[in-house]
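Quick notes on the structure that follows.
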C-alpha cells in the first residue's frame, strides 16, 4: 500500500486526509516514482477549495522529487534508479509514490538534492517562462514583482537581478521585506496602498514595462496603473481571489496595455519546452545566481497545517512536505 493525502470534499485545510491507497502500477509510457520530497504550491489550495475542478476523491499536488522505481512498456527517457523531479498535471503528488507520464520527468544532477528539487520545479519553471518567454526581461529594465518574498517571488527576484534588471518587490510585512531585500529586490514596498504613486516615484515617472502579479483581485487595477504605455500585465495567480470580468477598454485607456493570464501547463505542454526550461532553471541554480530557499518543512501527513500556514501568509520562500 501507498500513503496519500486525499480530499473527499472541497473546503478548508481540514478536508486533507491521510489515507492508505493501493500502490499504482506504471502503464505504457509511465514511470513509478518513490517520492523523497513533495512541493507545496498555492495551486494546491485552488484544487483543495474547488476553485480548480477535479474528480473526487482526489490526491492533490503537482510537484515532487524522488527516484524512479519502475517503468512501463516503451519508456526510454528514464530508467529505474534515476533521480527525477516533476511539476506537472495531473494532480497526485501528495503521496509516498505515484505513477506519472515518463516524458514529464526531469532528470536531476547529483548537485541538486531532493528537497531543493521539490521546492524549485513548479516555482522555478514558472519563473523561467515568466522572465524568458511571457515577457523577456532585459538588462537595465525596472520590473514590479508582487509577493516578492514568496516561493515564485524570490526566484523571480533573484533571476531578474541576474539578468540585469532592477526589481521593485511588493510584500505583506516588514519581515518579508527583509527577505525580499536579501534576495536582490532593490526597492521593497510593504502593502499595495498607493502602489502606482510609489512606482512613479521610484522610476522617476517612467513606470514599469511589466508587472508580475500573483495576487489577483485585490491588486489588479493598481498593477495596471503601475505600467508604462505598452506595458505587459502578467496575471499569473489568484491569492486574493480571481480577477473576474475585465473591461478591455481599460487597457486602451491606461496606455495600450497588454494583458495575459499564463499557466505553466501551457508553457510546458511540449516536452522540448519542458526540458529546455528545466535546463535553464537547473543552470541558474547550479551557478548560485538563484538560491532556492526551503524555509519550511512539514511531514506530508501534516499537509493541513502546511496549507493553513500558506494561506495565512506565514511562510516565506518555499515549503516542502516530507513523506
Next item on the list: State yes or no: is residue 127 touching a strand residue (DSSP E or B) at 6+ places or on another chain (Cβ under 7 Å), part of a helix (DSSP H, G or I) and farther than 20 Å from residue 30 by Cα?
Entry: no
Checklist line | All positions within region 253-276 that are in a helix (DSSP H, G or I) and without any contact (Cβ under 8 Å) to a residue 40 or more places away in the chain | finding: 253, 266, 272, 273, 276
Check: What pairs can you find where one residue is in region 30-56 and farther than 18 Å from residue 4 by Cβ, the other is part of a strand (DSSP E or B), and their Cβ atoms are less than 9 Å apart, with a gap of 6+ or different chains?
Finding: 42/150
Notebook entry, point to check: Taking region 18-48 as the search range and keeping residues that are out of contact with any helix residue (DSSP H, G or I) (no Cβ under 9 Å at 6 or more places or on another chain) and within 18 Å of residue 308 (Cβ to Cβ), which one is surrounded by the fewest Cβ atoms within 10 Å (Cβ to Cβ)?
Noted result: 46
Next item on the list: Identify the residue in region 231-251 that is modelled with pLDDT of 85 or more, part of a loop (DSSP other than H, G, I, E, B) and touching a strand residue (DSSP E or B) at 6+ places or on another chain (Cβ under 9 Å) and, among all such residues, is farthest from residue 51 (Cα to Cα).
Entry: 248
Notebook entry, point to check: Quick check, is residue 280 more than 29 Å from residue 6 (Cα to Cα), at pLDDT 95 or above, assigned to a helix (DSSP H, G or I) and not assigned by TED's automatic domain parsing to the domain that holds residue 185?
Noted result: yes
Notebook entry, point to check: Out of (1) in contact with a strand residue (DSSP E or B) (Cβ under 6 Å, 6 or more places away or on another chain); (2) under 21 Å from residue 299 (Cα atoms), the odd one out for residue 24 is which?
Noted result: (2)
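Residue under question is residue 278, and the condition is that it be on the phi < 0 side of the Ramachandran plot and surrounded by fewer than 15 Cβ atoms within 10 Å (Cβ to Cβ); does it hold? Give the steps one after another, and end with the answer.
Numbers: on the phi < 0 side of the Ramachandran plot: yes; surrounded by fewer than 15 Cβ atoms within 10 Å (Cβ to Cβ): no.
So residue 278 does not fit the description; no.
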Next item on the list: Return the residue satisfying two criteria in turn: it lies in region 106-124 and is touching a strand residue (DSSP E or B) at 6+ places or on another chain (Cβ under 6 Å) and assigned to a helix (DSSP H, G or I), and of such residues it is surrounded by the fewest Cβ atoms within 10 Å (Cβ to Cβ).
Entry: 115
Check: Restricting attention to region 78-90, and to residues there that are at pLDDT below 95 and either over 24 Å from the mean Cα position of the chain (by Cα) or assigned to a loop (DSSP other than H, G, I, E, B) (or both), which single residue is surrounded by the most Cβ atoms within 10 Å (Cβ to Cβ)?
Finding: 88
Next item on the list: Only residues that are under 25 Å from residue 273 (Cα atoms) and part of a strand (DSSP E or B): list them for region 54-69, please.
Entry: 63, 64, 65, 66, 67, 68
Check: Is it true that residue 73 is in a loop (DSSP other than H, G, I, E, B) and more than 19 Å from the chain's Cα centre (by Cα)?
Finding: yes
Note to self: I'd like the residue in region 204-222 that is modelled with pLDDT of 95 or more and under 18 Å from residue 150 (Cα atoms) and, out of all such residues, is surrounded by the fewest Cβ atoms within 10 Å (Cβ to Cβ).
What the structure shows: 213
Margin query: Which count do you get for residues in region 130-140 that are in a loop (DSSP other than H, G, I, E, B) and either closer than 16 Å to residue 281 by Cα or free of Cβ contacts under 8 Å to residues at least 60 places away in the same chain (or both)?
Written below: 5
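The values are calculated or read from the model by the stated rules, or taken from the named source; none is laboratory data. Computed from a predicted model, the values in this text were never measured in an experiment. We place every Cβ from the backbone using ideal geometry, glycine too, and count neighbours over all the protein chains shown.
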